[in-house]
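Heads up: the structure comes next, in structure tokens.
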Amino acid sequence: MIIFRLTIEMAEKLNTTEKVVSQTKEEIIRESERIEEATLYSAKGHFAAAHLWSVCHIWLGMPTSVLAAVAAASAFLKSEKNMVAGLISTLVAALSAVTTFLNPNARGAAHLKAGNSYDAFTTKRAFSER
């Protein structure tokens, strides 16, 4: 009778332990799914920011180059257009300063790298579940 009672008590403890392990496993799975979703959104956000900075780089760089060429060409004309050349040169200097300060190309590359890292993390997790 004593042995039977000990066996029942051991079985009850085992079931309680299994319930705790099962509950912990479910919590870990839920948390990993939450992290997976968060990394997905983070990757998408970084990809969007990378695109934005790439577009910014083009929109700042192209007018700067064109205006520099116009300023250089008008500087050679001997007329009242020298004032135009001065204004365009000032604008080119300002755009160049903004482009240098913001460095949109490097920012875009950094966001693209971060997005790829988040994406790789999500992909690695998806393959590790199999």
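Cβ separations smaller than 8 Å between residues 6+ apart or across chains give no pair from segment 55-70 residues that are outside any helix (DSSP H, G or I) to residues that are of a type in the set (Lys, Arg).
Of note, residue 95 does not satisfy the criterion of being within 16 Å of the chain's Cα centre (by Cα), surrounded by 12 or more Cβ atoms within 10 Å (Cβ to Cβ) and not basic (Lys, Arg). Using beta carbons and a limit of 9 Å, which pairs, at least six apart or on different chains, have the first residue in segment 26-42 and closer than 17 Å to residue 119 by Cβ and the second one surrounded by fewer than 11 Cβ atoms within 10 Å (Cβ to Cβ)? If the second residue must be surrounded by fewer than 11 Cβ atoms within 10 Å (Cβ to Cβ), the pairs left are 32/129; 36/126. Say whether the condition of being assigned to a helix (DSSP H, G or I), surrounded by 12 or more Cβ atoms within 10 Å (Cβ to Cβ), modelled with pLDDT of 80 or more and among the polar types (S, T, N, Q) is met by at least one residue in segment 74-86. No: zero hits.
The values are calculated or read from the model by the stated rules, or taken from the named source; none is laboratory data. Just so you know, these numbers come straight off a predicted model, no measurement behind them. Cβ sites come from the backbone with ideal geometry, for glycine too, and all protein chains shown count toward neighbours.
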